[in-house]
Amino acid sequence: MKVRDAVAALEEMYPLDLKEDWDYPGLVLGNLERECKKICFALDPTIDVAKEAGKWGADLLVTHHPLFFRAVHLIPSTDPHGLAASFLLQAGCALRAGHTNVDAAPRGTNEALCARLGILKALPIDPEGIVNGAPAGLGRVGELEREMSLEEFAKMSRERLPKTVQGARLAGDPKMKVKRVAVMSGAGDSFFDKAFQTGADVYLTSDLRHHPALDFMQKLEATGRKMGLVDVSHFSSEFPWFDFALKDVKERLGETVELRLLDVNTDPWTEAFI
Ligand SMILES: [Zn+2]
């Protein structure tokens, strides 16, 4: 099997057509004709991740976040992205980033988040048709197996998602009952209105900032609608994708390829003082 075949399989699983307009997922660098025996996974293509991928002898690194978010003209080793790229190129390791296409795809980050949280019958918040026989689109909304308080849901989220120093914080009445849950893996404050329209009791996402969150809570007060917010770390909202990704890639590519989730924590936050 060549890198080309592995990349084609990833493209089938997480079609690039599902990406947002501003996003540039795909094969970032690497030789498609290289033999592909080892594939490793990480959330972010950081310098440490690139080093680890090279040390392990990976032929392909699959990340959720892209290496470059904006147009780039220079990638010297004094630039962090340039340094990561140079480690990967020296090791002969290709890099394939899947981003908003993985968020939207069936068995992508949002569905993996629902699976961890026990959210059943989840459907996209922003539907984009059927892909690989299942509904695709950003976000998911579904139902918990049983009703619980907002506080219990926030604590359960903290327990079931990867441990981070941020944990989980909530906005709203901690005693209110929640059953219908909307989620958006990654930064979700641009989806407040869509989450509101789903009729969910609570919206769980990450990277919520003061003004958008406060405006949303004020909107709830003004409209008389009860709804909670749960904010978890960006890292922990997306990392559960690897529960699915390694299993699904193994199923597609078979035993000839060795897979590994790199043991590098790329959450930038390391301490919290509360
Ligand atoms: Zn993200």
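The values are calculated or read from the model by the stated rules, or taken from the named source; none is laboratory data. Because the structure is predicted, anything quoted here is derived from the model rather than measured. Note that we place each Cβ from the backbone using ideal geometry, even for glycine, and neighbour counts take in every protein chain shown.
Of all residues in the stretch 35-46, those being within 18 Å of residue 254 (Cβ to Cβ) and either touching a Leu at 6+ places or on another chain (Cβ under 9 Å) or surrounded by 22 or more Cβ atoms within 10 Å (Cβ to Cβ) (or both) number 5.
Filtering the stretch 160-202 to residues that are of a type outside the set (A, V, I, L, M, F, W, C) and under 18 Å from the mean Cα position of the chain (by Cα) leaves 160, 162, 163, 164, 166, 167, 185, 186, 188, 189, 190.
Among residues belonging to the stretch 183-213 that are among the small types (Gly, Ala, Ser) and touching a residue at least 60 places away in the same chain (Cβ under 8 Å), point out the one that is farthest from residue 152 (Cα to Cα). Applying the filter and picking the extreme gives 186. Just one of the listed residues (67, 117) is crowded, with 21+ Cβ neighbours inside 10 Å and touching a strand residue (DSSP E or B) at 6+ places or on another chain (Cβ under 6 Å), and it is 67. Are there any pairs, at least 6 apart or on different chains, whose C-beta atoms fall under 9 Å, with the first in the stretch 214-231 and of a type in the set (Ser, Thr, Tyr) and the second buried (at least 17 other Cβ atoms within 10 Å of the Cβ), and if so, which? Going by the 9 Å Cβ cut-off, the qualifying pairs are 223/196. Answer yes if at least one residue in the stretch 65-75 is more than 16 Å from the ligand (Cβ to nearest atom) and touching a Phe, Trp or Tyr at 6+ places or on another chain (Cβ under 8 Å), and no otherwise. Within the stretch 65-75 (the criterion being more than 16 Å from the ligand (Cβ to nearest atom) and touching a Phe, Trp or Tyr at 6+ places or on another chain (Cβ under 8 Å)), the answer is no, since none of the residues qualifies.
Residues are listed down the side, and each one gets a yes or a no for (1) part of a loop (DSSP other than H, G, I, E, B); (2) under 24 Å from the mean Cα position of the chain (by Cα); (3) β-branched (Val, Ile, Thr):
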site: 50; (1), (2), (3): no, yes, no
site: 67; (1), (2), (3): yes, yes, no
site: 72; (1), (2), (3): yes, yes, yes
site: 84; (1), (2), (3): no, yes, no
site: 95; (1), (2), (3): no, yes, no
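Just one of (1) surrounded by 20 or more Cβ atoms within 10 Å (Cβ to Cβ); (2) within 15 Å of the ligand (Cβ to nearest atom) fails for residue 207. It is (1). For the stretch 149-163, the condition of being at pLDDT 95 or above, surrounded by 14 or more Cβ atoms within 10 Å (Cβ to Cβ) and at positive phi holds for none of the residues.
Tallying residues that are away from the ligand (no atom under 16 Å from the Cβ) and out of contact with any Phe, Trp or Tyr (no Cβ under 7 Å at 6 or more places or on another chain) within the stretch 97-115 yields 3. Restricting attention to the stretch 178-204, and to residues there that are within 15 Å of the ligand (Cβ to nearest atom) and buried (at least 17 other Cβ atoms within 10 Å of the Cβ), which single residue is modelled with the lowest pLDDT? The selected residue is 189.
Whether any residue in the stretch 28-43 is part of a helix (DSSP H, G or I) and either within 24 Å of residue 235 (Cα to Cα) or touching a residue at least 40 places away in the same chain (Cβ under 8 Å) (or both) is what I want to check. No; the residues of the stretch 28-43 include none that is part of a helix (DSSP H, G or I) and either within 24 Å of residue 235 (Cα to Cα) or touching a residue at least 40 places away in the same chain (Cβ under 8 Å) (or both).
Number of residues in the stretch 232-274 that are without any contact (Cβ under 8 Å) to a residue 40 or more places away in the chain and surrounded by 14 or more Cβ atoms within 10 Å (Cβ to Cβ) equals 2.
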